[in-house]
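Data first, discussion second: the structure below is written as structure tokens.
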């Protein structure tokens, strides 16, 4: 009987692999776009800092995924499998299309499915914190990138190209930009790892009848994070190079300072969402918002708006969470029909 509980763990690992592929883009696409680091060197750094992020700053978001949308007591074996399957399939599709996708949004929509079906959706945090954050943070990232880009251009004026060229050859500046990318990976760990870890923690807590106040609860969270987080690096190595070029090369060509600006904006916004309210939110969308803001400054609205990868990204952003919800609801109805819940 115990072997059946390996299913959600394996699904969480599969999800972590897919998230690793998707998360590589918002963390290291700026570095890759600035030609500061080779593709083969990215997965290792990415995996290390994702792991540190979830261990140090990921507890609040894990709690939200565990019980903030669907009551934790509802997270039995079947529901856990349904949620992880729904998110994994929608994210896998996005990775195959080579478009970075919000795992947090897909996870939240997967949780909404059984919650609506059984009539126990926790609406307060969803409607008044999570959803507003999804809309506000990408817009804020875009605005901050436009402001920062315009100040940056105004400050250096005609010497800009020469300045970038000189800084690109500086080891110190390269290290600063790479540290910025690691900072983003840390932020991903603080937020997005919860999408895989949270359902597993909720399931195990139900099996063992543990509350969040129980001393053993923190141990369960730590063990689950240690088991699952390393697979982010593996996913980055397997599929991350498919996704990283879409935002790193096809939307706008970065300079080192532009890459640093994007890293600071996106990682800071995500960390704030993680450590203050524990809100699962989309670094992918914040990162793209910042990239587009810099693109508007460098190349104008027309070029940015007519960019084909942008259209594809926006389409998948809309479709993937809805697909996750559809799969989740369908599997919940089917499981209930056959008496599996």
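The values are calculated or read from the model by the stated rules, or taken from the named source; none is laboratory data. Owing to the predicted nature of the structure, the values given are computational and were not obtained by experimental measurement. Glycine gets a Cβ as well: all are built from the backbone with ideal geometry, and neighbour counts include every protein chain shown.
Things to note:
- Flag for residue 74 being buried (at least 23 other Cβ atoms within 10 Å of the Cβ) and under 30 Å from residue 119 (Cβ atoms): no
- Some residue of the range 87-104 being under 16 Å from residue 9 (Cβ atoms), modelled with pLDDT under 95 and assigned to a helix (DSSP H, G or I): yes
- Here is the figure for the range 96-150: residues that are surrounded by fewer than 16 Cβ atoms within 10 Å (Cβ to Cβ) and at positive phi total 1.
- Hey, residue 328 at pLDDT 90 or above, within 30 Å of residue 186 (Cβ to Cβ), over 16 Å from the mean Cα position of the chain (by Cα) and surrounded by 14 or more Cβ atoms within 10 Å (Cβ to Cβ) or not: yes
- Looking only at the range 48-65, residues that are farther than 15 Å from residue 178 by Cβ and surrounded by fewer than 24 Cβ atoms within 10 Å (Cβ to Cβ) come to 8 in all.
- Of the residues examined, residue 42 is not one that is in a helix (DSSP H, G or I), surrounded by fewer than 20 Cβ atoms within 10 Å (Cβ to Cβ) and out of contact with any strand residue (DSSP E or B) (no Cβ under 8 Å at 6 or more places or on another chain).
- Residue, farthest from residue 36 (Cα to Cα), within the range 193-228, restricted to residues that are modelled with pLDDT under 90 and outside any helix (DSSP H, G or I): 209
- Only one entry of 146, 131 meets the criterion of being at pLDDT 90 or above, in a helix (DSSP H, G or I) and farther than 17 Å from residue 273 by Cα, and that entry is 146.
- Filter pass, residue 74 being closer than 27 Å to residue 337 by Cα and either touching a residue at least 60 places away in the same chain (Cβ under 8 Å) or more than 14 Å from the chain's Cα centre (by Cα) (or both): yes
- Criterion violated by residue 70 - all others in (1) part of a loop (DSSP other than H, G, I, E, B); (2) under 25 Å from residue 294 (Cα atoms); (3) modelled with pLDDT of 90 or more satisfied: (2)
- Qualifying positions in the range 229-247 - surrounded by fewer than 20 Cβ atoms within 10 Å (Cβ to Cβ) and modelled with pLDDT under 65: 241, 242, 245
- Some residue of the range 51-60 being at pLDDT below 95, under 24 Å from residue 339 (Cα atoms) and either within 18 Å of the chain's Cα centre (by Cα) or assigned to a helix (DSSP H, G or I) (or both): no
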